[in-house]
Amino acid sequence: MKFDDLEAKMRAYENVDDPCALPGVYLVARLDGRSFTRLTKELHTFETPFDPRFHGYMLNTLEHLMESCGLKVIYGYTQSDEMSLLFGPEERGFGRKLRKLLSILAGEASACFTLCLGAVASFDCRVLQLPSLDVVIDYFRWRAEDAHRNALNAHCYWLLRRNGKTSREATAALRGLTRSAKNELLFAGGINFNDVPAWQKRGAAVHWESREQTGANPLTGESVLVLRRGLKRAVELPAKEAYSAFLKELITREFPRSSSRVSWR
Ligand SMILES: Nc1nc2c(ncn2[C@@H]2O[C@H](COP(=O)(O)OP(=O)(O)OP(=O)(O)O)[C@@H](O)[C@H]2O)c(=O)[nH]1
Ligand SMILES: [Mg+2]
């Protein structure tokens with residue numbers, strides 16, 4: 001068979017299922033650590049239930065995805081072993097081809113986290129196509145609420161484990177307990193859930209920020225004010241309606257463009 005014929009024949013197999021995301025809708029990619037229960041509890045040593053070093057690796061990975069994948073990520077969010085990246089309706093990266101987006105984001109996240117950890121770690125990735133800003137806000141409210149519930153359960157579970165209960169006993173003791181009963185259990189054990197850091201209860205975010213900086217005019221050497229865009233970490237996210245307002249303001253804000261990529265950390 002001639003090469004051109006072989007190429008055409010095989011491309012048909014390769015491209016038979018190559019869907020694109022709908023045009024004009026927001027996209028959220030959610031990446032989740034693969035088998036991170038084993039990674040955090042058996043293969044490596046991390047503080048339970050939350051380890052600032054682990055969380056730092058997640059934030060580094062999130063920033064890497066926002067800065068280095070050739071895609072315009074409007075907002076990045078992380079809690080536990082997951083990250084969510086928001087793309088605007090106008091995002092054209094990789095022609096909105098889903099298999100490109102999924103594989104590149106999962107590959108980049110796995111590579112970055114692996115370098116942070118110094119051992120192999122991998123992420124899966126899914127893409128949600130969200131039709132409106134309201135649904136986008138609901139999505140991030142959902143992940144933050146999920147973080148809150150998981151944090152309450154995880155603090156209770158590890159308090160019981162530290163007090164000598166087996167995994168089975170701790171799980172059974174928490175079954176059916178109301179939210180306020182879990183808060184009381186923690187309080188009796190010396191933990192005021194109100195004082196637990198916000199990044200554990202609500203997750204943390206990374207977003208773009210524009211700042212004025214003094215620079216030099218390359219032709220005249222004169223000092224001038226320039227607008228530079230950089231990443232900012234938000235580790236004290238607001239709760240409930242205030243979080244919705246924060247997201248709305250951030251997503252609808254027009255980001256001034258800048259040629260330089262600077263990270264504000
Ligand atoms: N020790 C520790 N564990 C963490 C931390 N953050 C997340 N994890 C663990 O990461 C795991 C995330 O759970 P899942 O994503 O549901 O489970 P998984 O084992 O990753 O399984 P798959 O996602 O289905 O592959 C849980 O076991 C969490 O306890 C942390 O800061 N410290
Ligand atoms: Mg996981």
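The values are calculated or read from the model by the stated rules, or taken from the named source; none is laboratory data. Note that this is a predicted model, so its numbers are computed, not measured. Neighbour counts are summed over all protein chains in view; Cβ atoms, including those assigned to glycine, are modelled from backbone coordinates with ideal geometry. Remember, those area values only see protein heavy atoms, side chains included, never the ligands or the DNA or RNA. Shrake-Rupley method; radii C 1.70, N 1.55, O 1.52, S 1.80 Å.
Brief remarks follow.
- Carbon/sulfur fraction of accessible area - the stretch 141-200, other protein chains in place, 1.4 Å, %: 49
- Cross-link reach list, lysines versus residue 72, counting only Cα pairs under 19 Å and skipping chain neighbours closer than eight places: 97, 100, 232, 248
- D (Stokes-Einstein, µm²/s), Kirkwood Cα radius, the chain, 0.692 mPa s at 37 °C: 157
- Here is the list for the stretch 76-168: GluC sites (Glu not before Pro) lying in DSSP coil, each with at most 10 other C-beta atoms within 10 angstrom of its C-beta, are 90.
- Solvent-accessible surface (1.4 angstrom probe) belonging to residue 214, in square angstrom, nearest 10: 100
- Projected label points at residue 11 and residue 225, each 7 Å from Cα along the beta carbon direction, are separated by 5.3 nanometres.
- Per residue value of the accessible surface for the stretch 141-200 (all protein chains in place, 1.4 Å probe), Å²: 60
- Angle in degrees between helix 179-188 and the longest Cα principal axis of the chain, rounded to the nearest 10: 60
- Enclosed volume per residue, in Å³, of the convex hull spanned by Cα atoms of the stretch 60-115: 76
- Annotation: extensible slack from residue 2 through residue 236 equals 78.0 nm (criterion: 0.36 nm per residue apart, minus Cα-Cα distance).
- Over all pairs of different C-alpha atoms in the stretch 141-200, the reciprocal of the mean inverse distance, the Kirkwood hydrodynamic radius, equals 11.9 Å.
- Translational diffusion of the stretch 70-210, µm² s⁻¹ [Kirkwood Rh, Cα pairs; Stokes-Einstein; 20 °C; 1.002 mPa s]: 121
- For the stretch 1-92, the solvent-accessible area of protein heavy atoms averages 52 Å² per residue (probe radius 1.4 Å; ligands and nucleic acids excluded).
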